[in-house]
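Working notes, beginning with the structure itself.
The values are calculated or read from the model by the stated rules, or taken from the named source; none is laboratory data. Owing to the predicted nature of the structure, the values given are computational and were not obtained by experimental measurement. Counting neighbours? That spans all protein chains shown, and the Cβs are built from the backbone with ideal geometry, glycine included. The area values use the complete protein model at the heavy-atom level, side chains included, leaving out ligands, DNA and RNA. Shrake-Rupley method; radii C 1.70, N 1.55, O 1.52, S 1.80 Å.
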Amino acid sequence: MSISAQKINHIYSKGLADQTVALNDVSFDINDGEFVGIIGHTGSGKSTLLQHLNGLLKPDSGRIFINGRDITEKGVDMMEVRRSTGLVFQYPEYQLFEETVEKDIAFGPLNLGLSQEEAKDRAAEALAMVGLEPCEVAQKSPFDLSGGEKRRIAIAGVIAMKPRVLILDEPTAGLDPKAHKEILDMIEDIHKNEKNITILVSHKMDDIARLCDKILVMEKGTVVMTGTPQEIFSKGEELQAMGLDLPEAAQLILELKKRGIEKDETVLTMEQAERTLLEVLDKC
Amino acid sequence: MLRDITLGQYYSGESWIHRLDPRVKIIATLLFIVEIFIINSFEGFATAFGALIIVIAASKVPLRFIMRGLKPIFLIILFTFIVNLFIVDGEILVKIWIFTITKEGLYRAVFMAVRLILLIIGSSLLTLCTKPMSLTDGLESLMKPFKIIGVPAHELAMMMTIALRFIPTLIEETDKIMKAQQARGADFETGNIFRRAKHLIPILVPLFISAFRIAQDMAMAMEARCYHGGDNRTKMNGMKFAKRDAFAALLMLLFLAVIILGRVFL
Ligand SMILES: Nc1ncnc2c1ncn2[C@@H]1O[C@H](COP(=O)(O)OP(=O)(O)OP(=O)(O)O)[C@@H](O)[C@H]1O
Ligand SMILES: [Mg+2]
């Protein structure tokens, strides 16, 4: 599995007074098994980009290849594209609609043409993957659950389709710290077990730094930087100029650097920061 | 695709028509509708069309934009045209199998179609050239005298304001929900009418829930800001009856006189 975007452009309300250029010559490559993070200020075009990757939006120009096949061409089987690329929207719990959790999760698999039995099995499997007890919640109404649980059900609804590419748009927005951590751990587990491509949009730089192999930084509809977390977060000042945060540990070291304490390598986790601080203190 | 709906849409501009007092525009539109029903000759319709074209030119709304608003109504116009064409008895012009077209039928069909088109263009001009919020302000002000007989003018206007305010929000919400379900493999484009109706459920249920959530938030936000109905409430930008409004009213009366005289003497 691989994804390649070549010079994609997208303009909303083309030709009208409120025309917005949401994507401007965006190109990138994602290889099999990678965990990719997308960061950028609000309105930088992240959600728009994600919707191109499973054909919900068509670019005005440019091409998108999934496994070498151009999905922007006419006559591409959209069902096939959506089977391989699962997209979890921002606040996905607002898409729940069925009477029971099980039926809601089975909606995707049934649309793929699976039998009732298979869809039920998929639902149970997906529930277990998102850390809920199938026999406990399967027959409940999704509207009787807590916000965090609803979020998991909605994610399970996409996971149950077994996509080879799992895309999540701010999956933890508006959740408390515990639910936040649980959902990210769950995403990490799924990525490790399934070896799928995972694409994560988040404003939490600590999560991005910890989980991702590669980061795309977006600003005003263009990809302005790509690289490993080390490469990206070593450019602390540039990121801050774009209105983006750094991981807390990197922030700390950047502040130290500003006060004249030299340190070459980029620090991403608190453990690394601790070591660096101890070294600095030893020297004093 | 959902964003292309223009019926009842505002076309922002700075023209003379745009700046008229909304009350004048509302009354003018109502009068125009009455006039269309007074008219009973093609000469009268030609006059009305002429007046409409002058107003459109003055409003600077592109004709293309107005026509786009007509598109969804086109089927209804076509339907009335065909029904009228075939059901009216009289002098037979053409006979195909069991269908007959009569002279009177043709006359009636064209007549009704012209009347409908005038009606729709006339009333859509009101919404094209008036901001939704001034429209409700105007309505509220016009309904005030009826308060004595118990018409809740302010409440009705507020309901309209809120409804108008949330149309784009709900369209956006629908778009989002549709996309989310499509991402789960839902297919809204193929299948017969029953299959399609069934496919509406995954859109409608979340949409209703969202609508109630939005309404609740809205009510809470209004209460938090001490909103308590219309009594003694003042407006931030009051309406003023200016010279151009008097001029517009004069034109309006002139047109009415022409139409009535035409009906009586022609
Ligand atoms: N359906 C739409 N119609 C018109 N303009 C849109 C639409 N969706 C997004 N936009 C505009 O496109 C630009 C990019 O929006 P997008 O939602 O992709 O940003 P984002 O990076 O996901 O932001 P956030 O972090 O707030 O989710 C914004 O300027 C937005 O106003
Ligand atoms: Mg977004």
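Below, the figures for the structure above:
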| read-out | value |
| --- | --- |
| Residues within region B:174-191 that are within 8 Å of another protein chain (Cβ to nearest Cβ) and out of contact with any strand residue (DSSP E or B) (no Cβ under 7 Å at 6 or more places or on another chain), tallied | 10 |
| Complete set of residues in region A:243-265 that are open to solvent by 30 Å² or more (accessible area, probe 1.4 Å) and closer than 18 Å to A:Ile39 by Cβ | A:Gly243, A:Asp245, A:Glu248, A:Gln251 |
| Residue tally, condition crowded, with 16+ Cβ neighbours inside 10 Å and either over 23 Å from A:Thr100 (Cβ atoms) or within 16 Å of ligand 1 (Cβ to nearest atom) (or both), over region A:176-187 | 3 |
| Filter result for the condition that a residue is within 18 Å of the chain's Cα centre (by Cα), at negative phi and either in contact (Cβ under 8 Å) with a residue 12 or more places away in the chain or assigned by TED's automatic domain parsing to the domain that holds B:Ile259 (or both), over B:Lys71, B:Lys103, B:Lys95 | B:Lys71 |
| Answer residue from region A:154-175, given it is touching a strand residue (DSSP E or B) at 6+ places or on another chain (Cβ under 8 Å) and either within 10 Å of chain B (Cβ to nearest Cβ) or of a type in the set (Gly, Ala, Ser) (or both) and is nearest to ligand 1 (Cβ to nearest atom) among those | A:Ile167 |
| Residue match in region B:149-162 (condition: open to solvent by 90 Å² or more (accessible area, probe 1.4 Å) and away from chain A (no Cβ under 12 Å)) | yes |
| Residue within region B:165-184 that is closer than 30 Å to A:Ala156 by Cα and outside any helix (DSSP H, G or I) present | yes |
| Residues satisfying the stated conditions in region A:20-57, i.e. away from chain B (no Cβ under 12 Å) and part of a loop (DSSP other than H, G, I, E, B) | A:Asn31, A:Asp32, A:Gly33, A:Glu34, A:His41, A:Thr42, A:Gly43, A:Ser44, A:Gly45 |
| Only listed residue being more than 16 Å from ligand 1 (Cβ to nearest atom) and over 27 Å from A:Val223 (Cα atoms), chosen from A:Asp70, A:Asp104, A:Asp32 | A:Asp104 |
| Residues satisfying the stated conditions in region B:74-92, i.e. surrounded by fewer than 15 Cβ atoms within 10 Å (Cβ to Cβ) and within 19 Å of the chain's Cα centre (by Cα) | B:Phe74, B:Leu75, B:Ile76, B:Leu78 |
| Test: residue in region A:108-117 that is assigned to a loop (DSSP other than H, G, I, E, B), under 24 Å from the mean Cα position of the chain (by Cα) and hydrophobic (A, V, I, L, M, F, W, C) | yes |
| Close pairs from region A:39-64: first among the hydrophobic types (A, V, I, L, M, F, W, C), partner within 9 Å of ligand 2 (Cβ to nearest atom) and open to solvent by less than 50 Å² (accessible area, probe 1.4 Å), Cβ under 7 Å, at least 6 apart | A:Leu50/A:Asp169; A:Leu50/A:Val201; A:Leu57/A:Thr48 |
| Residue match in region A:129-141 (condition: among the hydroxyl-bearing types (Ser, Thr, Tyr) and more than 14 Å from the chain's Cα centre (by Cα)) | yes |
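The rows are residues; the columns are (1) on the phi < 0 side of the Ramachandran plot; (2) in contact with a strand residue (DSSP E or B) (Cβ under 6 Å, 6 or more places away or on another chain); (3) within 14 Å of chain B (Cβ to nearest Cβ).
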{"residue": "A:Asp104", "(1), (2), (3)": "yes, no, yes"}
{"residue": "A:Leu127", "(1), (2), (3)": "yes, no, no"}
{"residue": "A:Leu132", "(1), (2), (3)": "yes, no, no"}
{"residue": "A:Ala179", "(1), (2), (3)": "yes, no, no"}
{"residue": "A:His191", "(1), (2), (3)": "yes, yes, no"}
